[in-house]
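Read-outs: derived from the displayed coordinates by stated rules, not from any lab. Keep in mind it's a predicted model, so treat the numbers as computed, not measured. Here the Cβ is made from the backbone with ideal geometry for all residues, glycine too, and neighbour counts use every protein chain on show.
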Amino acid sequence: MSQYQIAVLVGSLRRDSYNLKLAGALTKLAPQEVAFKQLKIDDLPLYNQDDDANQAESVKRLKSEIKASHGVIFVTPEYNRSVPGVLKNAIDHASRPYGQSAWDGKPAGVLGASIGQIGTAVSQQHLRNSLAYLNMPTLGQPEVFLKVDDSFFDPSGAIANAESRKFLQGWLDQYIAWVRDHLGGQ
């Protein structure tokens with residue numbers, strides 16, 4: 001059994017999403033003591049505070065999976081210079097009702113991929129603002145703003161370029177150390 005369970009939220013529902021592929025490629029770089037679980041967010045209803053007292057089963061499942069994790073990685077595209085609505089919806093659901101946030105204290109990592117030149121930088125900044133409010137200590141460095149195309153991943157889903165793979169391995173190693181530090185070195 002893996003020592004560290006990391007929840008992964010992908011901010012895109014697109015079947016061929018670069019961010020979905022990036023989340024999959026990260027799992028190929030993980031050491032044995034780390035297990036990733038990609039959380040399902042496409043079945044969540046739109047957040048409505050009126051439902052806080054009677055949350056949908058999909059919301060309860062999401063909150064339970066987050067609470068069971070040692071950390072959370074957000075892999076997100078950028079939509080209109082911000083966080084995709086589906087990701088923000090998941091964040092809102094898991095933070096409510098007030099005082100019962102599943103996010104509280106979970107060490108976070110943020111990265112993203114885009115075909116654009118700024119590679120999700122603005123989306124990540126918006127996300128970091130929300131994570132700060134949710135009391136999620138978030139890895140600040142290194143930052144990961146990837147400009148990708150179809151050649152970024154090999155046919156197996158791994159990162160094709162050795163330099164990019166090395167960079168992402170370094171990021172993942174830093175993130176795992178970040179989680180370990182926040183768990184008191186366990």
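Let me know the shape class of region 74-186, please: from the alpha-carbon gyration tensor, a ≥ b ≥ c as square roots of the eigenvalues, rounded when a/c is under 1.5, otherwise prolate if a/b is greater than b/c, or oblate. The shape class here is oblate.
Computed over the Cα atoms of region 1-88, the ratio of the radius of gyration to the Kirkwood radius (Rg/Rh) comes to 1.00. Site pair residue 54 and residue 37 shows an inter-label distance of 2.7 nm when each label is modelled 7 Å from Cα along Cα→Cβ. Of the beta bridges in the chain, as assigned by DSSP with both residues counted there, near 10 percent are antiparallel. As a length-normalised measure over Cα pairs under 8 Å and 6 or more apart, the relative contact order of the chain settles at 23 percent. Placing a label point 7 Å from the Cα of residue 165 along the Cα-to-Cβ direction, the residues of region 10-45 whose backbone N falls under 20 Å of that point are 18-34, 36. Neighbour counts of other Cβ atoms within 10 Å put 139, 183, 87 in the fewest-to-most order 183, 139, 87.
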